[in-house]
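Data first, discussion second: the structure below is written as structure tokens.
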Amino acid sequence: MADSNKKVRARRNFTRKELVQMAVKFGATAAKVVSPKMVKTGPWVAWKCQFGCGSFGSSLVCPPHTPAPSKTRRMLDEYKVAVLFECRDGKTKRVAAMMERELFLAGCFKAFGFGSGPCELCEVCAFDKGCRHPHQARPAMEACGVDVFSTARRNGFKIEVVRSPCDRQHYFGLVLVK
């Protein structure tokens with residue numbers, strides 16, 4: 001018998017426009033609702049982290065502590081809707097965590113966010129003790145094998161290799177919705 005005092009909240013269906021507005025509200029400069037099928041993954045991406053990033057292995061949200069690209073692909077294939085967004089200031093993990101939380105509280109229990117770049121929440125990761133900031137820490141797309149360049153381009157975003165300090169940096173995040 002159901003407890004009559006419990007309120008059952010139905011999952012809210014967000015429009016594409018509402019999802020884009022949510023990303024912008026939390027700090028994205030641009031956002032698009034995309035199909036997770038349009039997110040490209042590849043094993044080479046983690047190799048670029050290992051052989052090219054000074055933060056490799058420095059936190060629980062960086063390789064080798066993150067899922068392999070094949071696991072990421074299987075996860076992406078469980079979703080039908082995602083939001084790909086860009087930030088100018090590199091705060092993609094903050095935007096992703098805030099969107100994920102708002103979506104979750106609205107009944108989208110599968111919501112999950114990815115940011116970009118290494119974790120900067122702690123000076124030194126706690127590793128064996130677990131994450132000190134589990135509600136804020138999110139893995140980078142590239143740390144999980146997402147080819148950010150191909151994904152951004154195939155979804156209409158402009159992204160180029162940064163060749164000098166004068167070039168504009170592009171930071172992308174992704175929130176899986178349902």
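Coordinate-derived values only; no laboratory data. Keep in mind that what you see is a predicted model, and the values were worked out from it rather than measured. Methodologically, a virtual Cβ is constructed for each residue, glycine included, from the backbone with ideal geometry; neighbour enumeration extends over all protein chains shown.
How would you rank THR15, THR92, THR41, going from fewest to most other Cβ atoms within 10 Å of each one's own Cβ?
Values: THR15 9, THR92 26, THR41 22.
In increasing order of surrounding Cβ atoms, one gets THR15, THR41, THR92.
Would you mind calculating the relative contact order of the chain from Cα pairs under 8 angstrom and at least 6 residues apart, reporting the percent as a whole number?
Working: 328 pairs, mean separation 56.3, N = 178.
About 32 percent, as a whole number.
Based on other C-beta atoms within 10 Å, arrange PHE51, PHE114, PHE104 from fewest to most. Write down the numbers at each step before the final one.
Numbers: PHE51 8, PHE114 28, PHE104 14.
With the fewest neighbours first, PHE51, PHE114, PHE104 line up as PHE51, PHE104, PHE114.
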Fill in the blank from the handout: Between the modelled labels at CYS122 and ASN13 (7 Å from Cα along Cα→Cβ) the distance in nm is 4.2 nm
Fill in the blank from the handout: Listed residues MET141, MET99, MET75; largest mean-square fluctuation, Gaussian network over the chain with Cα springs below 10 Å, found at MET75
